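The values are calculated or read from the model by the stated rules, or taken from the named source; none is laboratory data. Note that the structure is predicted; figures quoted are calculated from it, not measured. Cβ coordinates were reconstructed from backbone atoms using ideal geometry, including for glycine residues, and neighbour counts include every protein chain displayed. Calculation scope for accessible area: heavy atoms of the full protein, side chains included, ligands and nucleic acids excluded. Shrake-Rupley method; radii C 1.70, N 1.55, O 1.52, S 1.80 Å.
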Amino acid sequence: MIVRLSDGRDLPIEMYKARVVQKTTLPPIDQRLGAIEEAGYNTFLLWTKDIFIDMLTDSGTNAMSDNQLASMMVADDAYAGGESYRRLGTAVQDVLGLEYYLPCHQGRAAEHLLAKIFCRPGTVTPMNYHFTTTKAHFEMAGSRVLEIYRDDAMDTASENPFKGNLDLDKFQGVIDEYGASNIAFVRMEATTNLIGGQPFSMENLRQVYELAKQHRIPVVLDCSLVSENAYFIKCREPRYQDVSIAEIVREMMSLSDLIYLSGRKSTCVRGGLLATNNVDYFNQLKAWLPVYEGFITYGGMSSKEIEAMAVGLREMVDLDVASSSADLIQDFVDKMVARGIPAVTPAGGLAGHVDAMKFLPHVPQEQYTAGALAAALYLVSGVRSMERGTISMDRDEQGNDVPSDLELCRMALPRRVYTMSHVDYVVDRLAWLHAHADLVGGLEFFEEPPVLRFFTGRLRALDGWGHRLADAFRKDFGDQL
Ligand code: F0G
């Protein structure tokens with residue numbers, strides 16, 4: 001929530017209180033240098049003991065509510081026919097208005113099942129933008145992912161409130177070129193993760209849905225960050241100013257044929273969900289669920305998390321919950337912009353992002369600009385961020401790097417975990433790093449897995465720039481910070 005202060009400033013204020021906390025430590029610079037070297041300059045390979053503020057992701061790292069934790073105590077651990085499954089069903093019906101639903105162990109499991117029933121070799125899957133696991137699953141099933149975003153979606157310094165919109169003309173072009181029967185489905189990702197958590201508008205979703213219906217193309221919504229996208233619709237699409245998050249979410253559901261989500265984000269649990277009013281789709285998915293996930297009433301999830309997901313679904317449409325991280329991210333982005341840091345604007349749904357190619361203009365994409373920035377930020381702050389750039393793209397069949405559309409350093413704000421002083425600290429260290437950007441160099445792989453290499457690949461700092469940067473840091477801040 002934003003409260004207006006007496007001096008006219010807007011303050012994003014926490015609408016919750018912390019009653020359980022976890023201790024953190026700020027490891028000093030020498031420890032951080034050792035840790036990032038050992039991690040092969042890949043922030044995924046750092047250990048918690050070496051991290052001060054963990055902004056790697058908002059996935060599975062959110063603070064759960066008291067009601068979510070309480071619900072876990074009454075979970076029904078039956079292998080089949082569990083009451084927890086039925087309570088989840090009531091929440092799915094009440095919040096999403098969808099009758100058929102299947103739990104699964106996380107978002108990519110839902111993508112795997114979708115790929116199984118919709119994606120065949122020779123088909124294409126158009127979408128507003130891909131997510132890493134989405135692309136991997138659909139393409140492994142033989143369907144080509146087509147990204148049909150508007151031309152300005154890649155402009156990182158923009159005022160376009162809906163950079164996640166799908167381009168209708170390009171969608172029509174895809175239908176004309178491939179034929180509707182070769183389109184597996186059209187996928188809309190609620191706040192497009194990889195281009196900075198940018199939302200789509202309800203108007204755009206309606207137009208996509210109408211065009212898809214004319215051609216009998218299924219519309220699939222990735223609802224992992226649905227409450228944040230709904231919040232942006234409320235704030236940025238004038239017609240929805242007085243409409244509740246709950247009503248906006250219901251309207252979004254009515255403009256889709258099937259939804260799935262990673263429960264690790266908006267619903268603040270660890271699990272996944274598929275839901276639809278189409279009994280045919282449900283039956284096809286249901287057939288595969290026990291093969292890959294588990295019996296249909298638990299789908300690989302712990303029954304405790306199923307209970308908490310039911311509560312999380314209801315809570316995510318509370319305005320105070322839907323806005324909890326988005327308002328802090330807005331503050332984060334405003335502060336970065338004020339310090340001259342090339343942050344992605346407008347502020348998005350899951351993280352503050354920095355355009356690494358503007359931050360480190362001397363580090364070419366072949367040397368993994370965003371990966372270098374994420375490693376450098378850790379080194380000077382103990383803040384773990386995530387590379388979202390060329391390292392996150394796998395090589396093509398010839399073994400060449402595929403340069404990413406954007407090189408972003410993503411600093412996620414898990415819901416209800418960090419505070420404004422954490423944000424202020426990150427902004428300060430980013431500003432220091434920006435002033436010393438010339439000390440940061442590129443990276444090269446020395447260990448590289450063939451698929452989703454960003455998770456476990458290891459790289460080295462070209463010309464040993466990590467040591468140079470640590471020396472400069474010590475000169476300004478001493479050994480202890
Ligand atoms: N879709 C979106 C939009 C996501 O952001 C994610 C995960 C997935 C699908 C896959 O879900 O992780 O539960 O299997 N995003 C995480 C992140 C990993 O850090 O942004 P999952």
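Would you point out the residue of region 47-58, among those that are closer than 16 Å to Ala35 by Cα and within 15 Å of the ligand (Cβ to nearest atom), that is farthest from the chain's Cα centre (by Cα)?
Going through region 47-58, the residues closer than 16 Å to Ala35 by Cα turn out to be 47-54, 56.
Restricting the remaining residues to those that are within 15 Å of the ligand (Cβ to nearest atom) gives 54, 56.
Values: Asp54: 15, Leu56: 10 Å.
Once the filter is applied, the top-ranked residue is Asp54.
Specify which of the listed residues (Leu273, Leu258, Leu313) is surrounded by 20 or more Cβ atoms within 10 Å (Cβ to Cβ) and either in contact with a Phe, Trp or Tyr (Cβ under 6 Å, 6 or more places away or on another chain) or without any contact (Cβ under 8 Å) to a residue 24 or more places away in the chain (or both). Don't jump to the end; show me each part of the working.
Numbers: Leu273 fails: either in contact with a Phe, Trp or Tyr (Cβ under 6 Å, 6 or more places away or on another chain) or without any contact (Cβ under 8 Å) to a residue 24 or more places away in the chain (or both); Leu313 fails: either in contact with a Phe, Trp or Tyr (Cβ under 6 Å, 6 or more places away or on another chain) or without any contact (Cβ under 8 Å) to a residue 24 or more places away in the chain (or both).
The match here is Leu258.
Hey, among the residues in region 305-324 that are within 16 Å of the ligand (Cβ to nearest atom) and either β-branched (Val, Ile, Thr) or assigned to a loop (DSSP other than H, G, I, E, B) (or both), which one's nearest to Ala372 (Cα to Cα)?
Met316
Inside region 11-46, can you point out the residues that are open to solvent by less than 70 Å² (accessible area, probe 1.4 Å), aromatic (Phe, Trp, Tyr) and away from the ligand (no atom under 16 Å from the Cβ)?
Hit for region 11-46 is Tyr41, nothing else.
Based on this model, can you work out whether Asn182 counts as open to solvent by 30 Å² or more (accessible area, probe 1.4 Å), touching a residue at least 60 places away in the same chain (Cβ under 8 Å), in the same structural domain as Leu274 (by TED's automatic domain parsing) and of a type outside the set (Val, Ile, Thr)? Quick ask: steps written out before the conclusion?
Numbers: open to solvent by 30 Å² or more (accessible area, probe 1.4 Å): yes; touching a residue at least 60 places away in the same chain (Cβ under 8 Å): yes; in the same structural domain as Leu274 (by TED's automatic domain parsing): yes; of a type outside the set (Val, Ile, Thr): yes.
Yes, satisfied.
Just checking, which of Arg416, Arg384 is open to solvent by 10 Å² or more (accessible area, probe 1.4 Å), within 28 Å of His467 (Cβ to Cβ) and under 17 Å from the mean Cα position of the chain (by Cα)?
Numbers: Arg416 fails: within 28 Å of His467 (Cβ to Cβ).
Only one candidate qualifies: Arg384.
Can you tell me how many residues within region 99-121 are within 13 Å of the ligand (Cβ to nearest atom), touching a strand residue (DSSP E or B) at 6+ places or on another chain (Cβ under 7 Å) and open to solvent by 20 Å² or more (accessible area, probe 1.4 Å)?
Of the residues in that region, 2 qualify.
Would you point out the residue of region 194-220, among those that are more than 16 Å from the ligand (Cβ to nearest atom), open to solvent by 10 Å² or more (accessible area, probe 1.4 Å) and in a helix (DSSP H, G or I), that is farthest from Glu247 (Cα to Cα)?
Per the stated criteria, the residue is Gln214.
Taking the condition open to solvent by less than 70 Å² (accessible area, probe 1.4 Å), in contact (Cβ under 8 Å) with a residue 60 or more places away in the chain and in the same structural domain as Leu194 (by TED's automatic domain parsing), does Val74 pass?
no
Being among the β-branched types (Val, Ile, Thr), within 15 Å of the ligand (Cβ to nearest atom) and assigned to a loop (DSSP other than H, G, I, E, B) is the requirement here; does Thr61 meet it?
For Thr61, the condition - among the β-branched types (Val, Ile, Thr), within 15 Å of the ligand (Cβ to nearest atom) and assigned to a loop (DSSP other than H, G, I, E, B) - is met.
The rows are residues; the columns are (1) of a type outside the set (Phe, Trp, Tyr); (2) more than 16 Å from the ligand (Cβ to nearest atom); (3) farther than 26 Å from Met55 by Cβ; (4) in contact (Cβ under 8 Å) with a residue 24 or more places away in the chain.
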| residue | (1), (2), (3), (4) |
| --- | --- |
| Ile245 | yes, yes, no, yes |
| Arg250 | yes, yes, yes, yes |
| Lys265 | yes, no, no, yes |
| Tyr292 | no, no, yes, yes |
| Ser303 | yes, yes, yes, yes |
| Ala326 | yes, no, no, yes |
| Met336 | yes, yes, no, yes |
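So if I check each of Ala246, Ala230, Ala287, which one is open to solvent by 50 Å² or more (accessible area, probe 1.4 Å) and in a helix (DSSP H, G or I)? Break it down stepwise before answering.
Details: Ala246 fails: open to solvent by 50 Å² or more (accessible area, probe 1.4 Å); Ala230 fails: open to solvent by 50 Å² or more (accessible area, probe 1.4 Å).
After ruling out the rest, the residue left standing is Ala287.
Take Asp327 and tell me if it is surrounded by fewer than 19 Cβ atoms within 10 Å (Cβ to Cβ), part of a helix (DSSP H, G or I), assigned by TED's automatic domain parsing to the domain that holds Val427 and charged (D, E, K, R).
no
Identify the single condition in (1) touching a residue at least 60 places away in the same chain (Cβ under 8 Å); (2) within 16 Å of the ligand (Cβ to nearest atom); (3) open to solvent by less than 10 Å² (accessible area, probe 1.4 Å) that Ala153 does not satisfy, given that it satisfies every other one.
Against the list (1) touching a residue at least 60 places away in the same chain (Cβ under 8 Å); (2) within 16 Å of the ligand (Cβ to nearest atom); (3) open to solvent by less than 10 Å² (accessible area, probe 1.4 Å), Ala153 comes up short only on (1).
What is the number of the single condition among (1) open to solvent by 10 Å² or more (accessible area, probe 1.4 Å); (2) of a type outside the set (Asp, Glu); (3) free of Cβ contacts under 8 Å to residues at least 40 places away in the same chain; (4) within 13 Å of the ligand (Cβ to nearest atom) that Ala136 does not meet?
(3)
Could you check region 438-456 and list, in sequence order, the residues that are closer than 10 Å to Asp394 by Cβ and crowded, with 21+ Cβ neighbours inside 10 Å? Walk me through it before giving the result.
To start, the set of residues in region 438-456 that are closer than 10 Å to Asp394 by Cβ comprises 448-454.
Matches in region 438-456: Phe454 only.
State yes or no: is Cys223 among the hydrophobic types (A, V, I, L, M, F, W, C), away from the ligand (no atom under 16 Å from the Cβ) and within 23 Å of the chain's Cα centre (by Cα)? If you could, list the steps in order and put the result at the bottom.
Details: among the hydrophobic types (A, V, I, L, M, F, W, C): yes; away from the ligand (no atom under 16 Å from the Cβ): no; within 23 Å of the chain's Cα centre (by Cα): yes.
Spelling it out, it is not the case that Cys223 is among the hydrophobic types (A, V, I, L, M, F, W, C), away from the ligand (no atom under 16 Å from the Cβ) and within 23 Å of the chain's Cα centre (by Cα).
Answer yes or no as to whether Met127 is more than 15 Å from the ligand (Cβ to nearest atom) and either open to solvent by less than 60 Å² (accessible area, probe 1.4 Å) or under 18 Å from Thr390 (Cα atoms) (or both). Reasoning before the result, please.
On the way: more than 15 Å from the ligand (Cβ to nearest atom): no; either open to solvent by less than 60 Å² (accessible area, probe 1.4 Å) or under 18 Å from Thr390 (Cα atoms) (or both): yes.
No.
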